[in-house]
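Structure first, commentary second.
The values are calculated or read from the model by the stated rules, or taken from the named source; none is laboratory data. What you see is a predicted model, and the numbers here were worked out from it, not measured in a lab. Every residue, glycine among them, receives a Cβ derived from its backbone with ideal geometry; neighbour counts consider all protein chains shown.
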Amino acid sequence: MVRDFSLFSSPGMAPTPNGDPHAAVACVHDGPPIFYSPSNTRDGRGTWVITRARDQRRVLQDTRTFSSHRSIFASALGEHWPVIPLELDPPTHGVFRALLDPLFSSKRVIALEPTIRERARALIDRIARERTSCDVMRDFALPFTVSVFLSFLGLSQRRSEVFVGWVSDLLHGNSDKRTAAARSIVGFIDELAARRRRTPAFDFMTFVVQAEIDGRSLSEEEVRGIGVLFLVAGLDTVAAAIGFDMAYLARNPKDQELLRNEPNRVMLAVEELLRAYSTVQMVREATKDIVFEGVPIRKGDYVSCATMIANRDPSEFERPETIDLARQGNHHTAFGYGPHLCLGAHLARREIVVGLREWLARIPAFRIKEGTAPITHGGHVFGIKDLILTWA
Ligand code: HEM
């Protein structure tokens with residue numbers, strides 16, 4: 001079956017028709033387990049879209065048949081190198097995960113929590129002091145995630161705005177802006193790596209340039225591939241999650257009040273919001289001709305496992321369209337599945353939980369400003385912009 005699912009095409013800044021991209025994709029569960037969408041990817045090629053959570057897990061586990069080996073970021077610069085570990089397959093992928101996993105352990109993230117809280121409070125206090133309305137993405141979600149990232153890298157907060165600009169251009173700009181942003185990011189990572197080689201510090205980049213795998217140091221390209229991925233993977237995703245959560249709470253004052261009065265509920269609520277407003281589409285490339293659920297997939301074809309589809313699959317979640325902030329047994333795949341399971345999941349969860357708790361503690365009952373409407377967009381990472389909140 002062929003179905004045009006351009007909602008996933010990148011950069012995908014086109015607003016979704018009914019303002020609810022998640023509901024728009026969930027309708028695929030009425031159809032077949034797999035269909036072909038002719039215009040689904042960044043490079044204009046079509047994609048096989050897997051619509052059942054169970055089948056997505058099969059694809060994501062089977063790395064021999066469905067490969068992650070690509071150079072999407074580098075191709076924007078006319079180059080070919082993988083972002084690491086995302087665009088590597090086992091066994092090399094496992095070698096880099098073993099190296100990087102300890103940096104993002106729950107213990108490391110707990111140690112970072114005071115910094116995360118301090119960054120959230122600084123931004124929100126300023127908003128609360130000066131205004132009764134703000135664009136939550138521009139004024140809080142993006143600067144917050146960039147600020148935590150800079151702290152993680154051990155860098156000063158001075159460059160925060162420049163980073164926000166790069167990430168927005170990279171993910172949502174036209175092709176010239178994307179290329180310019182990609183160049184700036186690579187230049188920044190290369191320069192930081194060179195600086196840390198000369199003068200080591202106690203931070204992420206020093207760890208990477210001093211690391212060894214299989215008894216050798218990492219090449220310049222490998223260091224760059226790691227640095228670029230961490231910059232790109234952790235900013236827009238967390239900001240988008242915070243944005244969708246804020247929009248939900250603004251529209252559902254009872255749930256907003258519940259979480260404000262009982263902040264202990266926020267952690268469980270965040271899991272439900274991650275499920276219902278999943279943002280990432282994972283794409284793999286078939287390494288051979290195969291038949292999947294009766295459909296012939298050719299070697300080289302793209303296969304899409306969209307988390308926003310899997311996490312609204314009625315065969316996995318009772319009443320998937322209903323948001324139940326106390327939902328139990330919530331086995332969502334918002335952070336992926338299989339060997340590439342998100343390395344930054346602990347950090348992301350902490351950022352979202354702390355960000356929401358601090359917001360609810362400092363900003364009184366808020367709603368979407370009358371006469372404004374947030375614009376949601378599809379794309380490789382779903383997102384939201386122009387989310388103007390107001391409060392008394
Ligand atoms: C709500 C926020 C986030 C979401 C929804 C998210 C989602 C995902 C998903 C779905 C994948 C799997 C991609 C695939 O299999 O193709 C992934 C991988 C990854 N994420 Fe996240 N992510 C988030 C935040 C972060 C943060 C904060 C960081 C780090 C600073 C991070 C770093 C990574 C890395 C390094 C990978 C690649 C892992 C691998 O290939 O082994 N992510 N993420």
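Annotation: of all residues in the range 287-315 being within 16 Å of the ligand (Cβ to nearest atom) and not hydrophobic (A, V, I, L, M, F, W, C), the one that is farthest from residue 349 (Cα to Cα) is 287. Evaluated against (1) crowded, with 16+ Cβ neighbours inside 10 Å; (2) among the charged types (D, E, K, R); (3) without any contact (Cβ under 8 Å) to a residue 12 or more places away in the chain, residue 135 falls short on exactly one condition, (3).
Could you identify the single residue in 168, 151, 175 that is within 30 Å of residue 377 (Cα to Cα) and in contact with a Ser or Thr (Cβ under 6 Å, 6 or more places away or on another chain)? Steps first, answer last, please.
On the way: 168 fails: in contact with a Ser or Thr (Cβ under 6 Å, 6 or more places away or on another chain); 175 fails: in contact with a Ser or Thr (Cβ under 6 Å, 6 or more places away or on another chain).
One residue alone meets the criteria, 151.
What do you reckon, is residue 171 modelled with pLDDT under 95, within 18 Å of residue 227 (Cα to Cα) and within 15 Å of the ligand (Cβ to nearest atom)?
On the way: modelled with pLDDT under 95: yes; within 18 Å of residue 227 (Cα to Cα): yes; within 15 Å of the ligand (Cβ to nearest atom): yes.
Yes.
Quick check on this structure: which one of 319, 284 is basic (Lys, Arg) and within 16 Å of the ligand (Cβ to nearest atom)? It would help to see each step written out before you state the result.
On the way: 319 fails: within 16 Å of the ligand (Cβ to nearest atom).
Step by step, each of 319, 284 is checked, and only 284 is basic (Lys, Arg) and within 16 Å of the ligand (Cβ to nearest atom).
Looking only at the range 217-254, filter to residues that are at pLDDT 95 or above and acidic (Asp, Glu); which one of those is farthest from the ligand (Cβ to nearest atom)? The residue in question is 220. Is it fair to say residue 120 is surrounded by 14 or more Cβ atoms within 10 Å (Cβ to Cβ) and under 20 Å from the mean Cα position of the chain (by Cα)? Yes.
Restricting 322, 372 to residues that are of a type in the set (Val, Ile, Thr) and under 30 Å from residue 147 (Cα atoms) narrows the list to 372. Out of curiosity, is residue 86 surrounded by fewer than 17 Cβ atoms within 10 Å (Cβ to Cβ), outside any helix (DSSP H, G or I) and either modelled with pLDDT under 95 or in contact with a helix residue (DSSP H, G or I) (Cβ under 8 Å, 6 or more places away or on another chain) (or both)? Taking the combined requirement at face value, the residue does not satisfy it.
Find the strands (runs of 3 or more DSSP E) located wholly in the range 323-392 whose residues include 3 or more that are touching a residue at least 60 places away in the same chain (Cβ under 8 Å) and either within 30 Å of residue 169 (Cβ to Cβ) or of a type in the set (S, T, N, Q) (or both), and list them. I'd like the intermediate steps shown before the answer.
Values: elements: 366-368, 375-377, 383-385, 388-391.
In the range 323-392, the matching strands (runs of 3 or more DSSP E) lie at 375-377, 383-385, 388-391.
Taken together, the residues in the range 54-87 that are of a type outside the set (Asp, Glu) and closer than 17 Å to residue 295 by Cα amount to 6.
What's the total number of residues in the range 290-310 that are of a type outside the set (A, V, I, L, M, F, W, C), surrounded by 14 or more Cβ atoms within 10 Å (Cβ to Cβ) and farther than 17 Å from residue 28 by Cβ? Please lay out each step first, then the result.
So the first thing to find is which residues in the range 290-310 are of a type outside the set (A, V, I, L, M, F, W, C), and the list is 293-294, 296, 298-302, 304, 307.
Pick out the ones that are also surrounded by 14 or more Cβ atoms within 10 Å (Cβ to Cβ) and you get 293, 301-302, 304, 307.
If we keep only those that are farther than 17 Å from residue 28 by Cβ too, we end up with 301.
Looking only at that region, the number is 1.
Kindly state which helices (runs of 4 or more DSSP H) lie completely within the range 214-308 and contain at least 1 residues that are closer than 21 Å to residue 340 by Cβ and in contact with a strand residue (DSSP E or B) (Cβ under 6 Å, 6 or more places away or on another chain). Write out each step before concluding.
On the way: elements: 220-233, 236-251, 253-261, 266-276.
Per the criteria, 236-251.
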